[in-house]
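Quick one: this structure, given as structure tokens, is what I'll be asking you about.
The values are calculated or read from the model by the stated rules, or taken from the named source; none is laboratory data. No experiment lies behind these values; they were computed from the predicted model shown. Glycine gets a Cβ as well: all are built from the backbone with ideal geometry, and neighbour counts include every protein chain shown. Areas reflect the complete protein model, heavy atoms only, side chains present, ligands, DNA and RNA absent. Shrake-Rupley method; radii C 1.70, N 1.55, O 1.52, S 1.80 Å.
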Amino acid sequence: MTDAMFDVDVLCVGHASYDVSMLLDHHPEPDEKCIAVSLLACGGGPAANAAVTVARLGGTSAFMGYLGLAGYGRSHFEELMKEGVRTDLIVRGDADIPFSVILAKKSGDRTVVNHRSRTPVLARDAVDFSLCRPRVVLLDGHEPELSLELAIEAGERGIPVVLDAGSVHEGTRRLLSKAGVIAASARFAEDFTGESDPMRALGNLAAISPLCVITLGREGLVYRRGNESGRIPAFPVDVVDTTGAGDAFHGAFSLSIARGEPVRRALLKANAVGALCCTKLGARPGIPHREEVERFLRERRDSIPSSEDSMDDPLTE
Ligand code: ADP
């Protein structure tokens, strides 16, 4: 832990795991022995992946959550250090972190098997956040006690809170009203609002937060800010594995908000980052660096429609 004040663009709070991903031609039948086309082992978890994304895009980030002192927790900690993610606010302990085996098929389908280990749930006062001055706080909905405390404190300090609402549970429900930005998965949006049509679901979510986005995987995203809404299709890419695309999207979007970029530009960029993340096996290898995203967007400039509405204004001045 540090005892000096520090600034970061995005403080990412929540879950860190360790993933072993295997790429397969087809998913195994019962009793079948399958040969993996490729294998990849690396850190994972929505908030940790988002923190890595922010760092690769040239921003500063810190991860707040739990990582064990040994085993997979230690490997993951070392990865975050190498990526330049600040680790001062990570709680360490003897228990290891959750472990996932991901079987990915080139079609984008995947099967995830998760072992939760004995990872502790962090108490609301587990981390002192007073020395950290983030421009944006991104919550992935895990660590519900700590996240709620942080969301309240961020609100008092005037720091925008982005909620990655992946699935409906008590933690995400309690955080919703504290979020200035809700970035929901399609599953969350449908389960929470009861609306299968994303635009109608957005209408419901808009009653809670001024800016809402629903990411729709290969369909891209829909957004609503005040009375304006729209749809942005996904960038067509050669998909290898979609693991981490949402996390990369949330990291990129939060960094853009921290930098005061226009909302529409922020969505386009996050859409590109999410798409690029799908082009490699595993969550981390596909997370692009800034130059790669800039080149990707430059090459597709002609296919991106322009707009004159207030989505071209920044969220934070
Ligand atoms: P989550 O895993 O959080 O539900 P999504 O699957 O909705 O996230 O993906 C998040 C974003 O990643 C999408 O909005 C899109 O920008 C990008 N993305 C995901 N899947 C694809 C794909 N098959 N092709 C291109 N972009 C994708």
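Mind checking which residues of region 128-150 are assigned to a loop (DSSP other than H, G, I, E, B) and either touching a His at 6+ places or on another chain (Cβ under 9 Å) or modelled with pLDDT of 95 or more (or both)?
Of everything in region 128-150, those that are assigned to a loop (DSSP other than H, G, I, E, B) and either touching a His at 6+ places or on another chain (Cβ under 9 Å) or modelled with pLDDT of 95 or more (or both) turn out to be ASP140, GLY141, HIS142, GLU143.
Separate question: Taking GLU32 and the conditions (1) in contact (Cβ under 8 Å) with a residue 60 or more places away in the chain; (2) open to solvent by 50 Å² or more (accessible area, probe 1.4 Å); (3) not polar (S, T, N, Q), which numbered condition does it fall short on, given that it satisfies the others?
Answer for GLU32: the failing condition is (1).
Do we have CYS12 as open to solvent by less than 50 Å² (accessible area, probe 1.4 Å), of a type outside the set (Gly, Ala, Ser), outside any helix (DSSP H, G or I) and within 16 Å of the ligand (Cβ to nearest atom) here?
The answer is yes for CYS12.
State all residues of region 149-183 that are touching a strand residue (DSSP E or B) at 6+ places or on another chain (Cβ under 9 Å) and under 17 Å from LEU255 (Cα atoms); if no residue qualifies, say none.
Within region 149-183, ALA154, ILE159, PRO160, VAL161, VAL162, LEU163, ASP164, ALA179, GLY180, VAL181, ILE182, ALA183 meet the criteria.
If you check SER254 against the conditions, is it of a type in the set (Ser, Thr, Tyr), more than 9 Å from the ligand (Cβ to nearest atom), in a loop (DSSP other than H, G, I, E, B) and at pLDDT 95 or above?
no
Since PRO233 meets every condition but one in (1) in contact with a Gly (Cβ under 6 Å, 6 or more places away or on another chain); (2) crowded, with 16+ Cβ neighbours inside 10 Å; (3) of a type outside the set (D, E, K, R), which condition does it not meet?
In the conditions (1) in contact with a Gly (Cβ under 6 Å, 6 or more places away or on another chain); (2) crowded, with 16+ Cβ neighbours inside 10 Å; (3) of a type outside the set (D, E, K, R), PRO233 misses (2) alone.
Using the structure shown, decide if GLY260 is part of a helix (DSSP H, G or I) and either within 12 Å of the chain's Cα centre (by Cα) or away from the ligand (no atom under 14 Å from the Cβ) (or both).
It is false that GLY260 is part of a helix (DSSP H, G or I) and either within 12 Å of the chain's Cα centre (by Cα) or away from the ligand (no atom under 14 Å from the Cβ) (or both).
A further question follows. Which residues, counting only those in region 43-69, are in a strand (DSSP E or B) and farther than 18 Å from HIS250 by Cβ?
Within region 43-69, TYR66, LEU67, GLY68 qualify.
In this structure, does ASP241 turn out to be in contact (Cβ under 8 Å) with a residue 24 or more places away in the chain, out of contact with any strand residue (DSSP E or B) (no Cβ under 6 Å at 6 or more places or on another chain) and more than 9 Å from the ligand (Cβ to nearest atom)?
no
In addition: Please verify whether region 197-211 includes one or more residues that are open to solvent by less than 30 Å² (accessible area, probe 1.4 Å), assigned to a loop (DSSP other than H, G, I, E, B) and within 15 Å of the ligand (Cβ to nearest atom).
No, region 197-211 has no match at all.
Further question on the same structure: Confirm whether VAL240 is modelled with pLDDT under 95 and either among the β-branched types (Val, Ile, Thr) or open to solvent by less than 30 Å² (accessible area, probe 1.4 Å) (or both).
When the stated conditions are applied, VAL240 passes them.
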